[in-house]
1. What area, in nm² and to one decimal, does the C-alpha convex hull of the stretch 159-222 cast on average over all directions?
2. Rounded, prolate or oblate: pick one for the stretch 38-96, where a ≥ b ≥ c are the square roots of the eigenvalues of its C-alpha gyration tensor, a/c under 1.5 means rounded, and failing that, prolate if a/b is larger than b/c, else oblate.
3. Short version: ³J(HN,Hα) in whole Hz for each residue of the stretch 281-289, in order, from phi by Karplus 6.51 cos²θ - 1.76 cosθ + 1.60 (θ = phi - 60°), x for Gly and Pro, what are they?
4. If you take the C-alpha gyration tensor of the chain, multiply each eigenvalue by 5 and take the square root, what semi-axes do you get, largest first, in whole Å?
5. Rounded to the nearest 5, what is the percent of antiparallel bridges among the DSSP beta bridges in the chain?
6. Take the Cβ-Cβ distance between Ser75 and Ala352 as r, set R0 to 35 Å, and report the resulting FRET efficiency rounded to the nearest 0.05.
7. Contour minus end-to-end for Val102 and Tyr303, with contour as 0.36 nm per residue of separation and end-to-end as the Cα-Cα distance?
8. Apply the Karplus curve 6.51 cos²θ - 1.76 cosθ + 1.60, θ = phi - 60°, to the phi angles in the stretch 144-154 and return the couplings in whole Hz, x for Gly and Pro.
Amino acid sequence: MPALLQRQQGMSEKIIETDALIVGAGPVGLFQVFELGLLGVKAHVIDTMRVAGGQCTELYPDKPIYDIPGIPVCSGEELIENLMVQIEPFNPVFHLGEEVTVVEALDDDWFRVVTDNDSEFRTRTVFIAGGVGSFQPRRLRFEGIETFEDRNLFYKVRDPSRFEGKHVVILGGGDSALDWVVELAPKSNGITSIHRRDEYRGAQATVDKMMALAGEGKVEPIIGKVSGYKSDDDGITAITVEVGDEEREIPCDAVLAFYGLAPKLGPIAEWGLDINRKTINVDTEKFETSTPGIYAVGDINYYPGKKKLILSGFHEAALAAFAAKERIEPEKKVRLQYTTTSPLMHERLGIAED
Ligand code: FAD
């Protein structure tokens, strides 16, 4: 499609075409890559988070899991590391740090998928492996403050250069907050870090770096409770903070808030699918949703007897992959082949002998 026409139609400069697109890089989304790969279908994977792993990485990286078949015990992080190794032969293309906002069926049996970063895809099949939803930043709850979001109040940093030469207030005491304090400080016009406790949750090495920058006068760490904000027509002009019995006003050009993440079904609810509370109804033959060609696997789906377990999601991913292969290549019969003995499987896994 000519670039001019794309621009006129409000499309991204480059539309990525693929046979399969997976929404969610949790354990089930990753295993979906594997099952599709065995059938010769290459996938793109999109996740709101900047790292793959879903709940395993976000909620319990160090906790042991005991019910993955064949693995007596592994941590959440180890499971994800192993899945990443397992899918390596299939070279999935990851788009991390992007939320899928639009999934719509086009007239020609293709789907249009768009992210909040304006990436745009055309895909033959969509796999929603969205778990308990997309992890969204916990937002500030002061009246009217939402009007300043993406003006000079941000919950994630897309373009660090916009903070150059600015006085930035960074809220929170975890890794995200501290990483950005340290990263933005050198080119900013001063950073104020506000955290409610004098114990930081972020890595000690980053806390030490922040304190070193404080020693150089580039960062002011404040321990206190954010109590409100001041604004004018252009945006937030100051953050007010209770420090002991005193209320201080910290003038600022921009505010970055990192108060952690909470899962929300988010945009998935708007894709016209048959939703059952916060899950998507599927059949148990193909794990297909009410829209043919869109499958839902893992914690996000619902069918009678559903159990939100990783192993259930793995089974669902296998059957959904077979169904999708038939849709992508209806003229070809899809045969079940064993990875132990099939030369074709070995070729796809990159372990074929010459
Ligand atoms: P998730 O892991 O939730 O991943 C979904 C991903 O989709 C997320 O990364 C999210 O950011 C992304 N996403 C959602 N919407 C969008 C969107 N619109 N755009 C882009 N990305 C999106 N299960 C077991 O089997 N055994 C256990 O021992 C076990 N222990 C657990 C312990 C704890 C503390 C918790 C919280 C869960 C445990 N579970 C366990 C459950 C298990 O973690 C889930 O069943 C599993 O993570 C589901 O995987 P998933 O890939 O379906 O979804």
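Every read-out reported here was derived from the displayed coordinates using simple, explicitly stated rules and does not represent laboratory data. Just so it is clear, the model here is predicted, and its values are computed rather than measured. Every residue, glycine as well, gets a Cβ built from its backbone with ideal geometry; the counts of neighbours run over all protein chains shown.
1. Working: hull surface 14.9 nm².
Its Cα hull, projected and averaged over all orientations, spans 3.7 nm².
2. Cα axes put the stretch 38-96 in the oblate bin.
3. 5, 9, 8, 9, 8, 10, 6, 8, 7
4. Equivalent-ellipsoid dimensions as semi-axes: 42, 24, 19 Å.
5. Here the antiparallel bridges make up roughly 45 percent for the chain.
6. 0.60
7. Gain on extension, Val102 to Tyr303, equals 69.9 nm.
8. After applying 6.51 cos²θ - 1.76 cosθ + 1.60, I find x, 5, 5, 5, 9, 4, 6, 9, 9, 10, 9 Hz.
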